[in-house]
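Structure, as C-alpha cells:
What follows is calculated from the coordinates using simple rules that are stated; it is not laboratory data. Everything quoted here is computed from the prediction, not taken from an experiment. Every residue, glycine as well, gets a Cβ built from its backbone with ideal geometry; the counts of neighbours run over all protein chains shown.
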Amino acid sequence: MKYVILIALLSTLYAKNEKIQIFQPLSSSCPQSWLDDIKKEVDEVNIVSLMSVKNLKREIGVPKEIQSCNTSIIDDYIFEGNVPVKAINDFFKNIPKKAIGLSLPAYENKKVVKKVFVIFEDKSFKEFGKY
C-alpha cells in the first residue's frame, strides 16, 4: 500500500510543471478557460504577445498543417494551440520517442472531442489522442 501511495505522489509531482511561456499574437483571443486550466497546473505562466508568431512556429518546427493561435513552451517542449491539460499531462507521463511536443490545430478548437497530435523532430506528426 505504501508503494501505491508513493507512486501516485511521484506521478502527481512529475506531472506538475514549473513554468510555461505562451507566445501569442497581439490579436489573440485565447479562451480564458484554457488559461485558467493551465494556471492550475503550472507554477509560473509567462504570456508574451508578439505582432506575429508565424516565424516562431516555423523556427521551432510546428508543421503548418497543425498550427493554431498560440505556441507554448514547457520544459523545452512545444504545445501548439489550446492543448488540453490532460493531454499535456499524458505527454509528460510517457513522452514519445523523438517527440518535440503536441498540437491542437485551430480546426479542432470548436469540436466537442478534440484530436491532439504529437509533433516529432523531423516535423512529422500523428494523432496522439482524443480529448
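Things to note:
- The mean sequence separation of alpha-carbon pairs under 8 Å and at least six residues apart, normalised by the residue count of the chain, gives a relative contact order of 21 percent.
- In the chain, the DSSP beta bridges split such that about 60 percent are antiparallel, to the nearest 5.
- Among the listed pairs Lys64/Lys98; Lys64/Lys86; Lys64/Lys110; Lys39/Lys93; Lys64/Lys115, a Cα-Cα separation exceeding 21 Å is found for Lys64/Lys86.
- Cβ-based charge dipole, the chain, positive-most Cα from Tyr77, Ser52, Val118: Val118
- Summing Cβ point charges (Lys, Arg +1; Asp, Glu -1) relative to the Cα centre of the chain gives a dipole of roughly 400 debye.
- Taking the chain as a Gaussian network of alpha-carbon nodes connected by springs under 10 Å, the highest mean-square fluctuation of the residues Ile47, Ile78, Ile100 belongs to Ile47.
- Under 15 Å from the Cα of Lys97 - aspartates and glutamates, other chains or at least 8 residues apart: Asp76, Glu121, Asp122, Glu127
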